[in-house]
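Q: Below: one structure in structure tokens.
The values are calculated or read from the model by the stated rules, or taken from the named source; none is laboratory data. Only a predicted model underlies this, so the values are computations on that prediction, with no experimental measurement involved. Cβ coordinates were reconstructed from backbone atoms using ideal geometry, including for glycine residues, and neighbour counts include every protein chain displayed.
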Amino acid sequence: MKATETAVRKRNEQVAWGQATDLGREAVVAISNNLRQLLADVFVLYLKTKNFHWHMTGRHFRDYHLLLDEHAEQLFAMTDDIAERARKLGGTTLHSISDIAGHQRLKDNNEETVSPNDMLLELAADNQQLVTFLRRSHELCADHNDVATTSLIEVWIDQSERRVWFLAEIVSNQN
């Protein structure tokens, strides 16, 4: 059998077995597992951002309420991209709330009341932590030559850094 026929047969077998990428199995497992953790953290940060959006009070209520809604929309948009990227690679993703809880690294906030300043400080810190997680994910994907995932992550880093910037500027001007 010629080399080109062997290569064609290998590609056909990959497609037939649902492998939509030329990344090796080890890369798919490592990246999918990482994306699962990342997705859990983004869901946690999304819900915390909505929680603080719903419970915002004070003289800057309208501005903060709208800002946090914008941030939440951005985070929620990330969730589908993260999950679908894992599936495109041939991996699996989160299945339930308990699955999120089992993979999250960011902490929930279940306090009955939180001051607006503390809300913004906590969200700034969590978004900064998300940037750290995203950079680690980027490094992992780059090590496996997963250009598509690294490209997506670069956009998410930029969006997350912007959220940190906005939140940090608000809080620093209050002190």
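Q: Regarding residue 81, is this residue farther than 27 Å from residue 171 by Cα, touching a residue at least 60 places away in the same chain (Cβ under 8 Å) and acidic (Asp, Glu)?
A: Taking the combined requirement at face value, the residue satisfies it.
Q: Restricting attention to the stretch 4-59, and to residues there that are acidic (Asp, Glu) and either under 15 Å from residue 140 (Cβ atoms) or surrounded by 16 or more Cβ atoms within 10 Å (Cβ to Cβ) (or both), which single residue is modelled with the lowest pLDDT?
A: 26
Q: Could you figure out which of (1) hydroxyl-bearing (Ser, Thr, Tyr); (2) under 26 Å from residue 56 (Cβ atoms); (3) in contact with a Leu (Cβ under 8 Å, 6 or more places away or on another chain) isn't true of residue 149?
A: It is condition (2) that residue 149 fails.
Q: Quick check, is residue 65 out of contact with any Asp or Glu (no Cβ under 7 Å at 6 or more places or on another chain), more than 17 Å from residue 33 (Cβ to Cβ) and either of a type outside the set (A, V, I, L, M) or not in a helix (DSSP H, G or I) (or both)?
A: The answer is yes for residue 65.
Q: Tell me, please, whether a residue that is surrounded by 13 or more Cβ atoms within 10 Å (Cβ to Cβ) and touching a Pro at 6+ places or on another chain (Cβ under 7 Å) can be found in the stretch 94-114.
A: no
Q: Pairs, please: C-beta under 8 Å, at least 6 apart or cross-chain, first residue touching a residue at least 24 places away in the same chain (Cβ under 8 Å) and in the stretch 151-167, second buried (at least 19 other Cβ atoms within 10 Å of the Cβ) and basic (Lys, Arg)?
A: Short answer, once both residue conditions are applied: 152/85.
Q: Determine whether the stretch 138-149 contains at least one residue that is closer than 19 Å to residue 77 by Cα, without any contact (Cβ under 8 Å) to a residue 60 or more places away in the chain and surrounded by 19 or more Cβ atoms within 10 Å (Cβ to Cβ).
A: The answer is yes; a qualifying residue exists.
Q: Restricting the search to the stretch 38-62, which residues are aliphatic (A, V, I, L, M) and assigned to a helix (DSSP H, G or I)? Full working, then the answer.
A: Kept after step one, since they are aliphatic (A, V, I, L, M), are these residues of the stretch 38-62: 38-40, 42, 44-45, 47, 56.
Once the filter is applied, which keeps residues that are aliphatic (A, V, I, L, M) and assigned to a helix (DSSP H, G or I), the stretch 38-62 yields 38, 39, 40, 42, 44, 45, 47.
Q: Please give the helices (runs of 4 or more DSSP H) falling wholly within the stretch 92-175 in which 2 or more residues are within 22 Å of residue 70 (Cβ to Cβ) and among the charged types (D, E, K, R).
A: 116-143, 147-172
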